[in-house]
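Right, one structure below, let's go through it.
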Amino acid sequence: MNSSRGGFLLLGLALAACAAPSPPQATTSANRPAASPTTSPLFEFQTGFWVSLHHHLRGEARRLPLSLKGKLSRNPDPATLPADERAEWEGALAVYEQKMAPRDLLFDEEMVKIKNALADLGDAPDVSALRGRFDGETLDALERAAPVYRARLWPEHERLAKKWIAGMAPLVERYGPTIAPRLATLYGTTWPAPIPVEVLPEAGPVDAYTSANPTRISISSQNPRLIGLAALEILFHEASHGWDGQLERPLAEEAERRGLTIPGGLWHAVLFYVAGVVVREELERSGEAGYVLYVDANHLWDRGWQGLREPIAEACDPWIGGERSRDEALADLVGGVGKSRNSRSLSAGQSLECPPRCRKIDSFAHLRRHERRVAIPFPDHETKRRIFERPIEDELDV
């Protein structure tokens with residue numbers, strides 16, 4: 001079903017998905033019934049002018065220290081612009097360098113709000129609807145940059161976004177009806193309402209992230225790693241971030257109860273593995289053999305998760321196959337990878353409370369290797385905080 005609204009390209013995929021959303025349920029039985037199917041869209045793909053400009057302008061601002069040293073190219077190259085356009089673009093870039101570049105797209109609540117608001121604007125003629133809700137200087141910068149972006153970059157960015165959507169839609173339509181309910185059932189819940197997917201020229205450090213409340217996926221149409229079946233896996237991986245707590249909390253509680261230390265980001269490695277295996281198995285059932293998990297194809301195990309693939313597979317494969325519960329699998333995993341430490345353990349019945357900041361996060365964010373665009377996993381929330389406080393020069397591998 002195709003429809004348009006403002007500058008959006010909206011594509012609701014009427015697929016056999018899961019029933020109406022409900023709060024996650026704890027999984028204690030390996031033989032829980034499959035989710036009841038119903039006709040409902042899984043994703044709503046869209047591309048919009050203002051949210052695309054926002055991400056591109058922020059990306060250019062963050063790269064500016066190295067661009068000025070000639071280590072990265074600029075887009076557009078100010079030297080190619082007429083004097084009046086150059087002044088407007090560089091003025092907007094200066095505001096974004098000061099106000100937007102230092103802030104995190106995912107962990108900064110205001111950045112999530114402005115991203116969502118700009119996405120909702122679509123291709124409106126201006127950002128007047130957002131006046132009074134967000135910083136006026138930032139909105140002024142967007143409107144100053146808009147004529148240059150609309151004339152010189154947006155036509156190609158929009159074309160590539162629509163091309164990406166046109167390639168992804170049939171893959172989701174073909175494989176989504178079996179992938180989505182299976183993933184949701186593994187996490188003891190049902191598929192949520194159609195998840196908006198903003199298709200952008202760039203989408204943060206690794207060109208894909210998911211913000212919460214409401215859940216919205218942002219993904220780049222220009223990253224060569226995020227096309228075809230690999231992009232299909234990442235789309236469902238990102239959707240799975242809505243269920244982060246079904247992994248983070250049980251792993252943390254089990255480790256605390258046993259007095260063990262577990263590798264940072266273990267929950268995220270599991271999230272990657274589970275989505276990848278489900279996608280691969282459903283592809284194989286449909287006759288598409290030979291798919292390699294994204295985490296394997298891109299060697300993510302070598303970037304902070306060394307030695308975790310085998311124990312994750314050993315613990316999680318029986319859970320994925322329906323032979324045991326999620327809690328049992330995660331307990332086995334903690335026992336397999338945890339290291340002894342001297343700390344107070346939880347007594348039976350106690351619960352480890354996730355910090356408020358942790359509870360707000362339902363996605364991952366990584367630092368992008370800008371030229372090669374290789375995803376590298378974060379260890380833990382404290383390391384995430386330290387990394388995001390580093391100078392931009394330390395974040396780019398050029």
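The values are calculated or read from the model by the stated rules, or taken from the named source; none is laboratory data. For clarity, every value in this text was computed on a predicted model and none was experimentally measured. Here Cβ is always computed from backbone atoms with ideal geometry, including for glycine, and neighbour counts include all displayed protein chains.
Rundown of residues vs (1) among the basic types (Lys, Arg); (2) under 30 Å from ALA117 (Cβ atoms); (3) free of Cβ contacts under 8 Å to residues at least 40 places away in the same chain, yes/no style:
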position	(1), (2), (3)
LEU229	no, no, no
SER240	no, yes, no
GLY304	no, no, no
GLY307	no, no, yes
GLU314	no, no, yes
### Task
Kindly indicate whether any position in the range 158-176 is in a loop (DSSP other than H, G, I, E, B) and hydrophobic (A, V, I, L, M, F, W, C).
no
### Query
Where residues in the range 295-313 are farther than 11 Å from TYR273 by Cβ and surrounded by 13 or more Cβ atoms within 10 Å (Cβ to Cβ), which of them is nearest to the chain's Cα centre (by Cα)?
ASN298
### From the options ASP244, ASP317, residue that is touching a helix residue (DSSP H, G or I) at 6+ places or on another chain (Cβ under 8 Å), of a type outside the set (A, V, I, L, M) and under 25 Å from PHE45 (Cα atoms)
ASP244
### Query
What about PRO65, is it crowded, with 16+ Cβ neighbours inside 10 Å and either of a type outside the set (Asp, Glu) or touching a strand residue (DSSP E or B) at 6+ places or on another chain (Cβ under 7 Å) (or both)?
yes
### Query
What are the pairs, 6+ residues apart or on separate chains, where a residue within the range 249-263 that is under 13 Å from LEU330 (Cα atoms) and in contact (Cβ under 8 Å) with a residue 24 or more places away in the chain has its Cβ under 6 Å from a residue that is surrounded by 19 or more Cβ atoms within 10 Å (Cβ to Cβ) and aromatic (Phe, Trp, Tyr)?
LEU251/TRP267
#### Entry: Residue count, the range 124-156 (criterion: outside any helix (DSSP H, G or I) and touching a strand residue (DSSP E or B) at 6+ places or on another chain (Cβ under 7 Å))
0
#### Entry: Of all residues in the range 75-88 being touching a residue at least 60 places away in the same chain (Cβ under 8 Å) and assigned to a helix (DSSP H, G or I), the one that is nearest to VAL51 (Cα to Cα)
GLU88
## Note on the structure
Residue count, the range 191-243, condition in contact with an Asp or Glu (Cβ under 7 Å, 6 or more places away or on another chain), under 28 Å from SER325 (Cα atoms) and in a loop (DSSP other than H, G, I, E, B), comes to 3
### Task
State yes or no: is LEU153 hydrophobic (A, V, I, L, M, F, W, C), touching a Pro at 6+ places or on another chain (Cβ under 7 Å) and modelled with pLDDT of 95 or more?
yes
### Message
Return the pair list, or none, for Cβ contacts closer than 7 Å from residues in the range 282-299 that are without any contact (Cβ under 8 Å) to a residue 60 or more places away in the chain and outside any loop (DSSP other than H, G, I, E, B) to residues that are surrounded by 11 or more Cβ atoms within 10 Å (Cβ to Cβ) and of a type in the set (Gly, Ala, Ser), at least 6 apart or on different chains.
### Response
VAL295/GLY276
### Query
If you go through the range 248-261, how many residues are touching a Ser or Thr at 6+ places or on another chain (Cβ under 9 Å) and either in a helix (DSSP H, G or I) or hydrophobic (A, V, I, L, M, F, W, C) (or both)?
7
### Query
Could you say which residue among ALA275, ALA184 is buried (at least 20 other Cβ atoms within 10 Å of the Cβ), under 19 Å from ALA329 (Cβ atoms) and touching a His at 6+ places or on another chain (Cβ under 6 Å)?
ALA275
### Task
Can you run down the residue pairs with Cβ atoms below 8 Å, 6 or more apart or on separate chains, where the first is in the range 177-190 and outside any loop (DSSP other than H, G, I, E, B) and the partner is modelled with pLDDT of 95 or more and basic (Lys, Arg)?
THR178/ARG285; LEU186/ARG326
